[in-house]
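Shown next, in structure tokens, is the structure this report addresses.
Nothing in this text is a laboratory measurement; each read-out follows from the coordinates by a stated rule. Note that the structure is predicted; figures quoted are calculated from it, not measured. Virtual Cβ from ideal backbone geometry, glycine too; neighbours counted across all protein chains shown.
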Amino acid sequence: MTTDHAPRDYDTLRAQMSERYESLSKRLRQIAKFAWDNPTIMAMETTAVIAERAGVQPSALIRFAKAFGYSGFSDMQRTFQAHVTARSASYKERFRKVAARDGTGTGTPGGMLREYCEASRDALEHLQDDADPEALEQAVALLQKAEFIYVMGQRRSFPVASYIYYNLNHLDCRAQLLTGMGGMLLEHADSMGPKDVLIAISYSPYSEETARVVVAAREKGLPVIVMTDSSLNAIAREATVFFDIHDAEVFGFRSLTASMCLAQALTTALATDRKVANKPSSSRRSRRT
């Protein structure tokens, strides 16, 4: 039986996993990371399969459940099952959708395009369902007030960072893309001030350079807007505003569809806010006439 201290829903459980992550043992952190990334597997598979996929012993899953106040793993699993049932598309449902498609020519360029399009639609649907409107408003408000906006993203995250920087420049924002050119990353980041904002993007495998810049920003008192794929990594725990993004993956390649969509939404919302802020008030207009 679930105790009064056990999370009653998936969102509460996720919040507790994030809050308590650092205090967990190494093995329980390993399970927490797996559970965070694979809620459908946690809901649908047997204890033996989950343990094998997570790289732990079945007994560790029981310890993990009890650490969060559940009577056992089956008790905790019901929380994941309720979450998966409520979602519009689980991993198994997606698999059935793929199998039901006209899959002729999957190995052809046209077939691959269809696969990427379907996976990207799923990613966008999840972004729409999961994105926190309050977090979006908070991020735009921080960007609106910032004297200078720094943007950081390495490797796969670099196109997202570059796109945000491109849009900020077209909005006449004072912005800097931190690339580390010439090995001067931390020296360039040292120019950040407490009235500035850092946007940091990093996905697994996470960039150590981005993590160092985030730490430097927090030490200077900067707000940090983070886009990443888990709240259990280092930069997410330092975030002022955090966005949990899960882009599509097909044939082992991960797209940036959801990330780019969020980047567009943030910068477009910022453009709208800036226009409103710069628009003359009715009293000003009346004095001019």
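Below are the figures for this structure:
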quantity	calculated
Estimated distance in nm for a label pair at Ser59 and Met181, the labels positioned 7 Å out from Cα along Cα-to-Cβ	5.7
Pairwise FRET efficiency - Lys195 versus Met112, Cβ, R0 = 51 Å, nearest 0.05	0.65
Net +/- balance of residues flanking Cys261 in space, Cβ distance below 12 Å, scoring K and R +1, D and E -1	-1
Proximal charge balance of Lys66 [Cβ under 14 Å; K/R count +1, D/E count -1]	+2
Gain in span if fully extended, Thr85 to Ser71, counting 0.36 nm per residue against the direct Cα distance	2.8 nm
DSSP-assigned coil residues among trypsin sites (Lys or Arg not before Pro) in region 196-259, each with at most 16 further Cβ atoms within 10 Å	Lys220
Gained length - Thr268 relative to Glu219, 0.36 nm times residue gap less alpha-carbon distance	14.7 nm
Added length on full extension, which subtracts the Cα-Cα distance from 0.36 nm per residue, Lys26 to Asp129	33.9 nm
Interchain or long-range residues, amide H under 5 Å from Asp229's placed H	Ser204, Ile245
